[in-house]
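The values are calculated or read from the model by the stated rules, or taken from the named source; none is laboratory data. Quick caveat, the model's predicted, so the values are computed rather than measured. Neighbour counts are summed over all protein chains in view; Cβ atoms, including those assigned to glycine, are modelled from backbone coordinates with ideal geometry. Accessible surface areas use protein heavy atoms only, side chains included; no ligands, DNA or RNA. Shrake-Rupley method; radii C 1.70, N 1.55, O 1.52, S 1.80 Å.
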Amino acid sequence: MTDDTIKERIRTFLFKHIKDNELSNDENLFASGLLNSLFAMQLVMFTEKEFQVKVENEDLDLKNFSTINAIDEFVRRKL
Amino acid sequence: MKIELTTEQLEQQEVFRVFVDKEVVPCADQFDKEERLPSELIGKIAENGFLAATIPESNGGKGMDMVTHGLLCEEFGSGSASVLSLFTVHGMLAQAILQWGSPEQRSHLLPQLASGKKIGAFGLTEPDIGSDAKSVQTTAKLDGASYVLNGTKKWISCGQIADIFLIIAQCEGKPTAFLVEKDCPGLTIKPITGLLGFKAAMLAELSIEECSIPQENLVGRIGFGFSHVAGTALDYGRYCVAAGSVGLARACLEACLSYTSERQQFGSLLKGHQLIQQMLTNMIAGIQAARLLYFQAGYLKDTLDPESITASAIAKYFASTMAVKAASDAVQIHGANGCSDEYPVQRYYRDAKIMEIIEGSNQMQQIMISKYIGISARKKGRK
Ligand SMILES: Cc1cc2nc3c(=O)[nH]c(=O)nc-3n(C[C@H](O)[C@H](O)[C@H](O)COP(=O)(O)OP(=O)(O)OC[C@H]3O[C@@H](n4cnc5c(N)ncnc54)[C@H](O)[C@@H]3O)c2cc1C
């Protein structure tokens, strides 16, 4: 899987929640104020299902989920 | 697309129904009056493997799929909302441990929760903090190898009978989840009585004063107690409430079908009057719609789909609102008898109202659902 495919898949998922094509790869998702309180768990489920990785309790770190780049790096570390 | 229960699911549904009809329905009004659940009933529920049944077999559970679990909640919800609340909060703790517990917490606690050896409860709400739950005021401070907790938790379902609590507290100024055992020195459990509904859910207020717990009782990581740990628990709780509300509404319908087939006014049975038929029809349609919503949420959970979380919120919102309407109409259909404790519909009405408040009030569900579909506009002037 190339970096771009991972990022594109993350972007496709995020687009369902943040209807914004201009979302940049380093923009903090949780700072937008638009995401509801369910989003954090949805993002975990998405990451687990889409990339077949397990998000463990020690992975609970905002650094892993705050931006498209961060999720991409996290997934590639886990794969 | 195929919406059909499997043979095993139908068989399980029948098992739940037989148990509820025998063990719950005949005594539910008594539980409500006495404001307690008998320990023998909890024992029988545990013996049958109904508690935290979604825990995988490898952790001592039944590995029950979520759709089947929804059927269980629907059946128990039709018998007693107070009994349903045991499944809800006990399962919330179990689910949170399953998802975010350490390997030790999982291997030690999950088998005990699945067998009912330990009963769990969920401590988020406080006297001054409800909907704005991430702002809880209970604190946790690291002191050597222990965390020391201080604060008050209120409205904790099954708090009177629980052995272990999932407590959300501020640690380093961030919401964090901890496990607190009932015999922890400094923990005082005060029963809450006189509620409108869920009267037998054995609610308690927890006074937590200098409760010292081992460092290993932290669940997940600091700062993730609300968004992820409580998030997992509440998602499960909303699903239970959705399915339980369908059960409650079904009990309303069944009571009304029976009553309107016996009671006559103006020379014909109540069910012959069109305005009564209208209320019954609305109940039937509402129940079917809400059931499909929880089936969908359950299916999405079973396929580990992230959409399952929103689907559960929508199902909880719709089903609880529907149950309140069904229960209100059930009282109306029963007239004065509906206001009497000789008929169960007054209990359904009182219990239904609670469904709109717990696991995030319906206003909170509305806010979450509207944000999900992007009703709110993106802020201008961002980077
Ligand atoms: C029978 C029962 C069992 C319970 N069991 C548990 C349990 O096991 N564990 C636990 O932790 N808690 C439990 N609770 C507490 C329950 O979760 C809370 O009551 C619920 O979250 C609402 O909080 P609150 O009562 O403090 O209301 P508040 O948050 O004070 O809200 C009051 C009203 O204002 C509305 N409101 C608040 N903010 C907004 C807003 N921004 N916009 C619009 N409307 C708003 C709410 O929807 C509500 O209608 C239980 C409650 C009951 C009644």
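Condition first: without any contact (Cβ under 8 Å) to a residue 24 or more places away in the chain and within 16 Å of the ligand (Cβ to nearest atom). Now tell me which residues in the range B:100-129 satisfy that.
Answer for the range B:100-129, where residues must be without any contact (Cβ under 8 Å) to a residue 24 or more places away in the chain and within 16 Å of the ligand (Cβ to nearest atom): B:128, B:129.
Which one of the conditions (1) within 14 Å of another protein chain (Cβ to nearest Cβ); (2) in contact (Cβ under 8 Å) with a residue 24 or more places away in the chain does residue B:351 fail to meet, given that it meets all the rest?
If we test residue B:351 against (1) within 14 Å of another protein chain (Cβ to nearest Cβ); (2) in contact (Cβ under 8 Å) with a residue 24 or more places away in the chain, just (1) comes out false.
Within the range B:121-135, can you find the residues that are closer than 19 Å to residue B:232 by Cβ and either away from chain A (no Cβ under 14 Å) or in a helix (DSSP H, G or I) (or both)?
B:121, B:122, B:123, B:125, B:133, B:134
Does the range B:253-267 include one or more residues that are small (Gly, Ala, Ser) and either within 14 Å of residue B:81 (Cα to Cα) or in contact with a His (Cβ under 9 Å, 6 or more places away or on another chain) (or both)?
yes
Are any residues in the range B:300-331 away from every other protein chain (no Cβ under 14 Å) and either within 20 Å of the chain's Cα centre (by Cα) or of a type in the set (Lys, Arg) (or both), and if so, which ones?
Those that are away from every other protein chain (no Cβ under 14 Å) and either within 20 Å of the chain's Cα centre (by Cα) or of a type in the set (Lys, Arg) (or both): B:318, B:319, B:320, B:321, B:322, B:323, B:324, B:325, B:326, B:327.
Kindly establish whether residue B:40 is of a type in the set (Asp, Glu) and touching a strand residue (DSSP E or B) at 6+ places or on another chain (Cβ under 9 Å).
no
Contact list please: Cβ distance under 9 Å, first residue in the range B:248-263 and touching a residue at least 40 places away in the same chain (Cβ under 8 Å) and farther than 15 Å from residue B:337 by Cβ, second residue of a type in the set (Lys, Arg) and crowded, with 20+ Cβ neighbours inside 10 Å, pairs at least six apart or on different chains.
Pairs found: B:250/B:291.
Quick check, is residue A:69 in contact (Cβ under 8 Å) with a residue 40 or more places away in the chain, open to solvent by 40 Å² or more (accessible area, probe 1.4 Å), more than 11 Å from chain B (Cβ to nearest Cβ) and not in a helix (DSSP H, G or I)?
It is false that residue A:69 is in contact (Cβ under 8 Å) with a residue 40 or more places away in the chain, open to solvent by 40 Å² or more (accessible area, probe 1.4 Å), more than 11 Å from chain B (Cβ to nearest Cβ) and not in a helix (DSSP H, G or I).
Test each condition in (1) in the same structural domain as residue B:58 (by TED's automatic domain parsing); (2) away from the ligand (no atom under 12 Å from the Cβ) for residue B:92 and report the one that comes out false.
(2)
Take residue B:193 and decide whether it is open to solvent by 40 Å² or more (accessible area, probe 1.4 Å), in contact (Cβ under 8 Å) with a residue 12 or more places away in the chain, more than 13 Å from every other protein chain (Cβ to nearest Cβ) and outside any strand (DSSP E or B).
So residue B:193 fits the description; yes.
Restricting attention to the range B:131-155, report how many residues are within 17 Å of the chain's Cα centre (by Cα) and without any contact (Cβ under 8 Å) to a residue 60 or more places away in the chain.
Residues flagged as within 17 Å of the chain's Cα centre (by Cα) and without any contact (Cβ under 8 Å) to a residue 60 or more places away in the chain within the range B:131-155 amount to 2.
Looking at the range B:108-120, is at least one residue touching a Leu at 6+ places or on another chain (Cβ under 6 Å), away from every other protein chain (no Cβ under 14 Å), more than 30 Å from residue B:210 (Cβ to Cβ) and at pLDDT 95 or above?
Yes, the conditions are met somewhere in the range B:108-120.
Does residue B:205 meet the test of being within 25 Å of residue B:161 (Cβ to Cβ), over 16 Å from the mean Cα position of the chain (by Cα), within 16 Å of the ligand (Cβ to nearest atom) and more than 14 Å from chain A (Cβ to nearest Cβ)?
Against the criterion (within 25 Å of residue B:161 (Cβ to Cβ), over 16 Å from the mean Cα position of the chain (by Cα), within 16 Å of the ligand (Cβ to nearest atom) and more than 14 Å from chain A (Cβ to nearest Cβ)), residue B:205 qualifies.
Take residue B:57 and tell me if it is open to solvent by 10 Å² or more (accessible area, probe 1.4 Å) and either among the charged types (D, E, K, R) or over 19 Å from the mean Cα position of the chain (by Cα) (or both).
Yes, satisfied.
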